[in-house]
Amino acid sequence: MDGDFRPLDGIRVVEMSHMIMGPSCGMFLGFLGAEVIKVEPPEGDKTRRLGGMGRPMFPLFNRGKKSVQLDLKTEAGRAALDRLLATADVFVENFRDSSLSKMGADLERLRATYPDLVIASHKGFLQGPYQDRTALDEVVQMMTGLAYMTGPTGRPLRVGSSANDIMGGLFGAFAVLAALLERRQTGRGRDLRIGLFENCLLLVAQHMVQFELEGRNPPPMPEREFSWPVYDIFDTTDGRQMFVGAVTEGQWSALCGLLGLTELLADPRLQNRPDQIEARAWTVPIVARAIAGRDSRELEREFEAIGIPYSPIARPCDMYQDPHVMRPGGLATSRLPDGQSFRAPSLPFEVDGVMLAGGGDLPAVGQDTEAVLGGLGLDAAAIAAARGSSGQAA
């Protein structure tokens, strides 16, 4: 499959973004075959230098891209950007409009100059009262109620990933694909604005609509009203934790039978799902005691055999030992400019039964500057001026 599914082959994307939201949009388009040219300042994208939880941001979301250094504080750099955008199908950015103007990428001018260009602007908010606010993934999680729904009462918690940034990039790529399809008919591009806040709003829409329909705000997820007889985390005898669910009467019967809880099966108070849910306060502790006496790996085999939803409580690092993740094609290897490699998931879909193979390697800062700008007709002196006095191939 590697190289076979490239529906965006021949599409040139110029990406001028940092952190996660904009870069993830470029990454998704690159996975589908687009040529993605990342424009970096002479010193390189600042995301390259992050540590801690920021360490994987640049490597993960910039796989397979080309890197071009441009000093957009100079006239030569801005002129080179114009030459590059004249050859582009898509422009991806996630800067403030004022910052873009200073870099020679004023959106109104770009629209007038390049009428067939699809412009995907990743912002904190769509147009409205908040459009000029500064946003972060954690900010919008607090604003929309997602953090409220994730933590217990009085302890709002952000979800454990940059979910809105990544989904925002995905919606950006989704909108770009639609605009490219439309352009085939009209010959004209579109101005797309993707909002981090509005993305998060979509994530909490189910809770908003419950209030709309029932007139009551649902409690946070840790305190939610259960709609299933068993839907809990249990301790096992080997010191592990395991989530176990029984969401149908058939699963309830199968779980009780497996655990030897024949008294629950025979109890007249537990003969339908509403009664089983109502009785959770006293039945779940009984299930917990039964599971506490069993080995987790033995339970995994038995639960899988009879179709009980279950999962051990895993850490992200455990995924490198998971047999499903580690099956052929489950992960793709990419290399950093220093030769270090890492494994990361591909996109979560199959094409003709096969996952897309590989996201590509990471470019050194500016490694494609000469090739790309030379292809635009710039000579060595013009390229050196465009990338700036401090810019050099890494």
- [ ] Examine the range 69-78 for a residue that is under 21 Å from LEU336 (Cβ atoms) and not in a helix (DSSP H, G or I), and state whether such a residue exists.
- [x] yes
TODO: Give the range 1-14 a look and list any residue that's at pLDDT 95 or above, among the aliphatic types (A, V, I, L, M) and part of a loop (DSSP other than H, G, I, E, B), or say none.
DONE: LEU8, ILE11
TODO: Within the range 191-210, identify whether any single residue is among the hydrophobic types (A, V, I, L, M, F, W, C), more than 22 Å from the chain's Cα centre (by Cα) and open to solvent by 80 Å² or more (accessible area, probe 1.4 Å), and answer yes or no.
DONE: yes
TODO: Quick one: which helices (runs of 4 or more DSSP H) lie wholly within the range 108-188 and hold at least 3 residues that are in contact (Cβ under 8 Å) with a residue 40 or more places away in the chain and over 23 Å from LEU32 (Cα atoms)?
DONE: 137-144, 146-150
Open item on the list: If GLY245 meets every condition in (1) assigned to a helix (DSSP H, G or I); (2) open to solvent by less than 50 Å² (accessible area, probe 1.4 Å) apart from one, which number is that one?
Closed with: (1)
Open item on the list: List pairs: first residue in the range 15-37 and at pLDDT 95 or above, second residue assigned to a strand (DSSP E or B) and among the polar types (S, T, N, Q) anywhere in the structure, Cβ distance under 9 angstrom, at least six positions apart or on different chains.
Closed with: GLY22/SER121; ILE37/SER67
- [ ] Please name all residue pairs, on different chains or six or more residues apart, with Cβ atoms under 7 Å, provided the first residue is in the range 237-259 and is at pLDDT 95 or above and the second residue is charged (D, E, K, R).
- [x] THR237/ARG294; THR237/ASP295; ASP238/ASP295; GLN241/ASP235; VAL244/ASP232; LEU258/GLU302
Open item on the list: I'd like the full set of residues that are open to solvent by less than 30 Å² (accessible area, probe 1.4 Å), outside any loop (DSSP other than H, G, I, E, B) and among the small types (Gly, Ala, Ser), limited to the range 359-390.
Closed with: ALA386
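The values are calculated or read from the model by the stated rules, or taken from the named source; none is laboratory data. Keep in mind it's a predicted model, so treat the numbers as computed, not measured. As a convention, Cβ positions derive from the backbone with ideal geometry for all residues, glycine included, and neighbour counts pool all protein chains shown. The protein model used for the area step is the full one, side chains on, heavy atoms only, and it has no ligands, DNA or RNA in it. Shrake-Rupley method; radii C 1.70, N 1.55, O 1.52, S 1.80 Å.
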